Amino acid sequence: MIKLFHAPYSRSSAIVWLLEELGVPYQLEIVPIRAQGGAPEGYREIQAHKKVPAVVLNGVTITERAAIALHLAESFPETGLAPRFGDPRRAAFLSWLVYSDAVLDPAIAARLSDWSYLPLGISFGTLDDAVRHLDRALSASPYLVGDRFTAADVQIGAMLHYAVSIGEAITPTPAMRAYLDRVRARPAFQKREAIDREHAAT
């Protein structure tokens, strides 16, 4: 059994979506990250910063979205959500997985927080550059690594959905709108939406 430490409508929502895409059984452990003072101090034994997501699989704890997504997708290779070694699409797949956490997430956070910074001095650069990069990729193919949906689309798709529809940090291009329509139509995405609504209401 997989245990996911999750908070509704947070970064861990992408991992709920991924688990639904994988079609494997899992258990949710809801973490009250929005409580006064954040999650309980004891949760630091799972995640050092008291953030979500974190996953326990076969007794091993995994943190950080990109690492979790890669580990889960490769733990269930029959799903085809991770190009295997030797597949020419693997390089793009890995690049986009890491890009979601290392560039897109902090760039969106900076925009929403109205941070002022010199792009040359910041490792993740600007959200405008990220938007241009995404638009080029999604104008060239229906998914990030071609015509095949992968775990990278879950991570980037979740971030783009948030930035466009909730945070309103990004004005989507036509290619982005078409991409969001495709990924939001997936049954696993819609199941994730239902799960977050259910747990947000409790």
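Overview of values
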read-out	value
Count of the range 112-148 residues which are of a type outside the set (Gly, Ala, Ser) and either touching an Asp or Glu at 6+ places or on another chain (Cβ under 9 Å) or not in a helix (DSSP H, G or I) (or both)	15
Residues being open to solvent by less than 10 Å² (accessible area, probe 1.4 Å), part of a loop (DSSP other than H, G, I, E, B) and touching a residue at least 60 places away in the same chain (Cβ under 8 Å) - total across the range 1-17	0
Residue match in the range 150-166 (condition: surrounded by 12 or more Cβ atoms within 10 Å (Cβ to Cβ), of a type outside the set (S, T, N, Q) and not in a helix (DSSP H, G or I))	no
Leu81 more than 12 Å from the chain's Cα centre (by Cα), buried (at least 20 other Cβ atoms within 10 Å of the Cβ) and part of a loop (DSSP other than H, G, I, E, B)	yes
Residue among Tyr43, Tyr26 that alone is touching a strand residue (DSSP E or B) at 6+ places or on another chain (Cβ under 8 Å), in contact (Cβ under 8 Å) with a residue 24 or more places away in the chain, crowded, with 17+ Cβ neighbours inside 10 Å and over 26 Å from Ala109 (Cα atoms)	Tyr26
Scan of the range 46-60 for residues that are closer than 15 Å to Lys3 by Cα and more than 18 Å from the chain's Cα centre (by Cα), ordered by number	Ile46, Leu57, Asn58, Gly59, Val60
Residue satisfying condition, being touching a strand residue (DSSP E or B) at 6+ places or on another chain (Cβ under 9 Å), in contact (Cβ under 8 Å) with a residue 12 or more places away in the chain and farther than 25 Å from His199 by Cβ, within set Ala110, Ala92	Ala92
Complete set of residues in the range 18-45 that are within 17 Å of Glu198 (Cβ to Cβ), in a loop (DSSP other than H, G, I, E, B) and over 18 Å from the mean Cα position of the chain (by Cα)	Pro32, Arg34
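The values are calculated or read from the model by the stated rules, or taken from the named source; none is laboratory data. It should be emphasised that the depicted structure is a prediction, and the values quoted were computed from it without experimental measurement. Cβ: placed from backbone, ideal geometry, glycine included. Neighbour counts: every protein chain shown. All accessible areas refer to the heavy atoms of the entire protein, side chains included, with ligands and DNA or RNA removed. Shrake-Rupley method; radii C 1.70, N 1.55, O 1.52, S 1.80 Å.
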